[in-house]
1. Only one of (1) at pLDDT 95 or above; (2) under 11 Å from the mean Cα position of the chain (by Cα) is not met by Glu37, so which one is it?
2. Within region 47-58, is even one residue touching a Lys or Arg at 6+ places or on another chain (Cβ under 7 Å) and over 16 Å from Val8 (Cβ atoms)?
3. Output the residues belonging to region 34-58 that are closer than 16 Å to Leu75 by Cβ and among the acidic types (Asp, Glu).
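The values are calculated or read from the model by the stated rules, or taken from the named source; none is laboratory data. The shown structure was predicted, so the numbers you read here are calculated from the model rather than taken from an experiment. Note that we place each Cβ from the backbone using ideal geometry, even for glycine, and neighbour counts take in every protein chain shown.
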Amino acid sequence: MPKGDGIVRVGRQTQGRKGKGVTVITGLPLTGDALAELATRLKRRCGSGGTVTESGAIEIQGDHRDALLVELGRLGFAVKRSGG
């Protein structure tokens, strides 16, 4: 089980991406195939690309924080918006 407080955080990062933003989802209590399956579902929901990082975070291209907050809440996760 990943460490954390049980809250999934959805934020936006541009650092190291030449100004292009990605939506980053951290704190998910999933690993391996379950994490990859959720990432695929969320990418389809947003209509955009993305990846699962080695640290267990999901990165989705573009700013989709609002849509992802709703979708993750619908899936039963405790979700918070992080950052500004």
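1. (2)
2. yes
3. Across region 34-58, the qualifying residue is only Glu37.
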